[in-house]
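*Asks:* A single structure is presented below for examination.
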Amino acid sequence: MRAVWAAALHNAMPPADGRGGAHLIDFAAVSSARSIPIWAVLLLALVGLTLLYRVPLATRFLNDDYLFLEQARTQPLSHSLTTLDALGNYYRPLSRQFYFAALTPLWGGAPWVFHAFNYALFLVALALLADLLLALMPLGGAIAGVAYFALLPFQRVVLMWVSCSQDLLALAGTLAALALYRRGRTGGALCACAAALASKESAFPLVVGLLAWDWLVERRDAPAIARRIAPFAALTLAWGAFSLAMRASKAAAPLYMTPGSFAAAYLHLLQALTGIEQPRATLTAMVQHSPALIPLVALLPLTLLAFRGAADEAAGGATPTRGIIGFALVWLVAFTAVTGPVAYSWSAYYYTLAAVGGAVLVGVLMRHTRAPGLAALIAGLLWLHAGSSATRGFAVNNSPWTWSSHLTSAYFERAAALTDSMSIQLKRLEPDPPADARLFFATLPPYAGFQMGNGALVRELYRKPQIESHFMSQFSDSTAGTHPCRFLYWDGESLAPLYTRGTDVYFQVGCDLLLLDRLERGLYAFRRGAAAGESRRDLLYWISWGELWAGRRAAAERAWTELGFSDDSLSWITHLRDAHNALVDGDTLASRRQLTAAIQYGVGRPEAHAVLGELLTGRNTKYGLLELKVATRLNPRDWVARAALARGLASVQLDDPARYELAALLTQQPELRGDSTLAALQHELALRAPQTGPDAIFK
């Protein structure tokens, strides 16, 4: 076995002529110096690495995965390749269309198939990284560099999220292209380069990395470099132009080419390379967590390979340290530049390819290390890994100067747990919905990733291709049509039906949408209610106000006429007086009835709506708020009704409408800013507002 390893490396590595890499490391000599065989050391390391990443590798599909899976199952590959992917943001045909089309038919498209493939890619990338490092430094440094790269905390995200196949394919393709380029195999290197470019835009700086290799490591002259690099530059430019043309065909994710974005990208590079994705929390978590014991024990035998003596001297290589460091720095600068346009939503895994340069630097620093130094490095990396992974927060705002990573392992672990529990709850509530049902969610846990697009996850859950799901605020003719509908919400602990059985469901939906200022969608819900035979009088009443708020007074008046409303000042004042007297007597039921009658004879008069709204808010909050809304629209200067409306909206967690009403009130009546009740409401809404500053964190 030792002879096989030595022969394999001898055949793979170029001669030690100072133009292309390393002198051969005699693994047979190393193995003779240590009682444990090389293959056993590597097998133990593989076991330790697998145990470290066992949770990520066992995670089910998440977020975007469902959209790509559905595209692979429902669209011919020939069609999907002609457009942007299911997200509509980038053109990455190898890592999205081809990848999912190839793996989805295997074993029913189970998640483990994708994870197994991704993990294999990860191991191949580590082998290619080792090949690169061995061409630059002694074995001890190469082990240090590979261990550093493999144990960086962001690798949990790369292995947990199936869609990170794009980063793994780009990484493996980039390193394979460099390995073949070093050996003069231009055709194979071009194929690997094309694969990397077709996987993710992060591979675009590869041509700069190849140039840096020729210039700083092999020290070729300019004409030779130009000849070697020309086909790779042409391929990169051609693919760049093509992918930009594809993006231009559809409104894709924004890109920002500002100096601030690029400056932030390089600062976040330091965070990614040091594993400190959340500066405030990582060190605290490291105090509370220790390195994973079994992976540590399994990885420590690697230190036996960090020997000194004749083998080190034979592996010295002809490349000066200055050239290696220069190559690593150029690599870091080039591969970080591509993250600048998307620094506003940065995540540490964006730096997967850039971290290769970090691995080279670590290898250079540790190239003469002994076993204790390498053991300390591995233990430290595992400790950092444990602390970073235990940090539960993640950034939720879009700003290049947010100091916390957006998509962390904590984000995906939380999303996986919520997806699992909500899927079980949904199947319990709706074990067998109609094949063409439409599911609408009023609320869901924030940043759960459960509702993506028009319901790819729900279709996967039920295996019914015609089912769709949407957020409640999206209810409309285009989303609901004439399909059977189900309405659910998250009550803070689990999914539950939004409306009780026996209620006029579409009437309720319409009223909720009116409160959200979704007028046309609310009116469509009322029309669905009429078609379903719900109470016509109730429907007409709120149809009239919805039409009026939408600016269609003639339609509103037709509804009032059908309701039997008429303008009768005497009847209006009589019912209003009777309502007042009943309220003085403490008979709120009679007062509400008289106010309802007054509204019938005084359409367009706000007073009865204002009083009725306040009376109903404590008993039937939804209709009380709607009546207050009518009052404020008929009389915008009724600050008492508007203040009650703002407080009521806040009480039912409709914070955005509450903020709107409060802002309108304080704009019209600035003297009310000193009102203690309104100040308290403003403070409460501010505390509940999503964080938008540079340190916006969700925990």
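*Asks:* Hey, residue 653 hits all of (1) at negative phi; (2) open to solvent by 60 Å² or more (accessible area, probe 1.4 Å); (3) within 37 Å of the chain's Cα centre (by Cα) but one; which does it fall short on?
*Replies:* Unmet condition: (1).
*Asks:* Please determine whether any residue of region 122-134 is farther than 22 Å from residue 213 by Cβ, open to solvent by 20 Å² or more (accessible area, probe 1.4 Å) and not acidic (Asp, Glu).
*Replies:* yes
*Asks:* If I ask for residues that are over 15 Å from residue 682 (Cβ atoms) and either among the basic types (Lys, Arg) or over 40 Å from the mean Cα position of the chain (by Cα) (or both), which ones from region 632-650 would you list?
*Replies:* 633, 634, 635, 636, 637, 638, 640, 641 - these are the residues of region 632-650 that are over 15 Å from residue 682 (Cβ atoms) and either among the basic types (Lys, Arg) or over 40 Å from the mean Cα position of the chain (by Cα) (or both).
*Asks:* When you check residue 649 against the structure, is it touching a Phe, Trp or Tyr at 6+ places or on another chain (Cβ under 9 Å), at pLDDT 90 or above and more than 21 Å from residue 605 (Cα to Cα), yes or no? Explain how you work it out, then say what you get.
*Replies:* Numbers: touching a Phe, Trp or Tyr at 6+ places or on another chain (Cβ under 9 Å): yes; at pLDDT 90 or above: yes; more than 21 Å from residue 605 (Cα to Cα): yes.
The answer is yes for residue 649.
*Asks:* Follow-up. Considering only region 88-109, how many residues are surrounded by fewer than 19 Cβ atoms within 10 Å (Cβ to Cβ) and without any contact (Cβ under 8 Å) to a residue 60 or more places away in the chain?
*Replies:* Total meeting the criteria: 6.
*Asks:* Do you know which residues across region 410-443 are exposed (fewer than 15 other Cβ atoms within 10 Å of the Cβ) and under 24 Å from residue 396 (Cα atoms)?
*Replies:* Listed by number, the residues that qualify are 417, 420.
*Asks:* Just the residues that are in contact with a Pro (Cβ under 7 Å, 6 or more places away or on another chain) and either open to solvent by less than 40 Å² (accessible area, probe 1.4 Å) or farther than 30 Å from residue 447 by Cα (or both), please, taken from region 60-80.
*Replies:* 61
*Asks:* For a quick check of your reading of the model, give me the residue pairs whose first member lies in region 127-148 and is without any contact (Cβ under 8 Å) to a residue 24 or more places away in the chain, whose second is part of a helix (DSSP H, G or I) and open to solvent by less than 10 Å² (accessible area, probe 1.4 Å), with beta-carbon atoms closer than 6 Å and at least 6 apart or on different chains.
*Replies:* Within 6 Å, the pairs are 130/142.
*Asks:* Take the residues of region 387-405 that are open to solvent by less than 20 Å² (accessible area, probe 1.4 Å) and of a type outside the set (Ser, Thr, Tyr): which is modelled with the highest pLDDT?
*Replies:* 387
*Asks:* Something else: Restricting attention to region 616-629, report how many residues are in contact (Cβ under 8 Å) with a residue 24 or more places away in the chain and crowded, with 19+ Cβ neighbours inside 10 Å.
*Replies:* Qualifying residue count, region 616-629: 6.
*Asks:* Of all the residues that make up region 598-620, how many are of a type in the set (Val, Ile, Thr) and modelled with pLDDT of 90 or more?
*Replies:* Total satisfying the criteria: 2.
*Asks:* Sticking with this one: Would you mention how many residues in region 201-224 are farther than 30 Å from residue 91 by Cα and open to solvent by 20 Å² or more (accessible area, probe 1.4 Å)?
*Replies:* Of the residues in region 201-224, 7 are farther than 30 Å from residue 91 by Cα and open to solvent by 20 Å² or more (accessible area, probe 1.4 Å).
*Asks:* Shifting gears a bit: Kindly indicate the residue of region 487-507 that is without any contact (Cβ under 8 Å) to a residue 12 or more places away in the chain and of a type outside the set (D, E, K, R) and also most open to solvent (accessible area, probe 1.4 Å) among those meeting that condition.
*Replies:* 500
*Asks:* Restricting to region 179-200, count the residues that are without any contact (Cβ under 8 Å) to a residue 60 or more places away in the chain and buried (at least 18 other Cβ atoms within 10 Å of the Cβ).
*Replies:* Residues in region 179-200 being without any contact (Cβ under 8 Å) to a residue 60 or more places away in the chain and buried (at least 18 other Cβ atoms within 10 Å of the Cβ): 9 in total.
*Asks:* Quick check: anything in region 444-459 hydroxyl-bearing (Ser, Thr, Tyr) and open to solvent by 40 Å² or more (accessible area, probe 1.4 Å)? Break it down into steps so the answer makes sense when it comes.
*Replies:* Of region 444-459, the ones hydroxyl-bearing (Ser, Thr, Tyr) are 447.
Now narrow it down to the ones that are open to solvent by 40 Å² or more (accessible area, probe 1.4 Å): 447.
Yes, region 444-459 has at least one match.
*Asks:* Can I ask one more? I need the full set of residues from region 471-483 which are open to solvent by 40 Å² or more (accessible area, probe 1.4 Å), assigned to a loop (DSSP other than H, G, I, E, B) and touching a strand residue (DSSP E or B) at 6+ places or on another chain (Cβ under 9 Å), in order please. I'd like the intermediate steps shown before the answer.
*Replies:* Within region 471-483, the first condition is being open to solvent by 40 Å² or more (accessible area, probe 1.4 Å), and the residues that meet it are 471, 474, 477-478, 482-483.
Then keep just the ones that are assigned to a loop (DSSP other than H, G, I, E, B); that gives 482-483.
Matches in region 471-483: 483 only.
*Asks:* So, one more: Test residue 138 against the stated conditions and say whether it is at pLDDT below 95 and surrounded by 22 or more Cβ atoms within 10 Å (Cβ to Cβ). Walk me through it before giving the result.
*Replies:* Working: at pLDDT below 95: yes; surrounded by 22 or more Cβ atoms within 10 Å (Cβ to Cβ): yes.
So residue 138 fits the description; yes.
*Asks:* Tell me whether region 522-532 contains one or more residues that are touching a Leu at 6+ places or on another chain (Cβ under 7 Å), more than 23 Å from residue 665 (Cβ to Cβ), surrounded by fewer than 22 Cβ atoms within 10 Å (Cβ to Cβ) and of a type in the set (Gly, Ala, Ser).
*Replies:* Checked against the condition, which is being touching a Leu at 6+ places or on another chain (Cβ under 7 Å), more than 23 Å from residue 665 (Cβ to Cβ), surrounded by fewer than 22 Cβ atoms within 10 Å (Cβ to Cβ) and of a type in the set (Gly, Ala, Ser), region 522-532 yields at least one hit.
*Asks:* Can you confirm whether region 441-463 contains a residue that is among the small types (Gly, Ala, Ser), over 22 Å from the mean Cα position of the chain (by Cα) and part of a loop (DSSP other than H, G, I, E, B)?
*Replies:* Taking every residue of region 441-463 in turn, none turns out to be among the small types (Gly, Ala, Ser), over 22 Å from the mean Cα position of the chain (by Cα) and part of a loop (DSSP other than H, G, I, E, B).
*Asks:* Report whether or not residue 108 is of a type outside the set (Val, Ile, Thr), within 23 Å of residue 460 (Cα to Cα) and over 22 Å from the mean Cα position of the chain (by Cα).
*Replies:* yes
*Asks:* Something else: Name the one entry in 234, 222, 212 that is among the hydrophobic types (A, V, I, L, M, F, W, C), over 30 Å from residue 386 (Cα atoms) and modelled with pLDDT under 95.
*Replies:* 222
*Asks:* Among the numbered conditions (1) surrounded by fewer than 24 Cβ atoms within 10 Å (Cβ to Cβ); (2) within 20 Å of residue 113 (Cα to Cα), tell me where residue 160 comes up short.
*Replies:* So the condition that residue 160 fails would be (1).
*Asks:* Among the candidates 583, 570, 595, which residue alone is among the aliphatic types (A, V, I, L, M), over 22 Å from residue 538 (Cα atoms), modelled with pLDDT of 90 or more and not in a loop (DSSP other than H, G, I, E, B)?
*Replies:* Within the list 583, 570, 595, the selection yields 570.
*Asks:* Within region 461-470, can one find any residue that is within 22 Å of residue 517 (Cα to Cα), touching a residue at least 24 places away in the same chain (Cβ under 8 Å), open to solvent by less than 40 Å² (accessible area, probe 1.4 Å) and of a type outside the set (Phe, Trp, Tyr)?
*Replies:* For region 461-470, residues within 22 Å of residue 517 (Cα to Cα), touching a residue at least 24 places away in the same chain (Cβ under 8 Å), open to solvent by less than 40 Å² (accessible area, probe 1.4 Å) and of a type outside the set (Phe, Trp, Tyr): present.
*Asks:* Could you tell me which residue of region 291-315 is nearest to residue 40 (Cα to Cα), considering only residues that are open to solvent by 40 Å² or more (accessible area, probe 1.4 Å) and at pLDDT below 90?
*Replies:* My answer is 304.
The values are calculated or read from the model by the stated rules, or taken from the named source; none is laboratory data. Predicted model only: the values in this text are computed from it and were never measured. Note that each Cβ is placed from the backbone with ideal geometry, even for glycine, and that neighbours are counted across all protein chains shown. These accessible areas exclude ligands, DNA and RNA; they are computed on the full protein's heavy atoms, side chains included. Shrake-Rupley method; radii C 1.70, N 1.55, O 1.52, S 1.80 Å.
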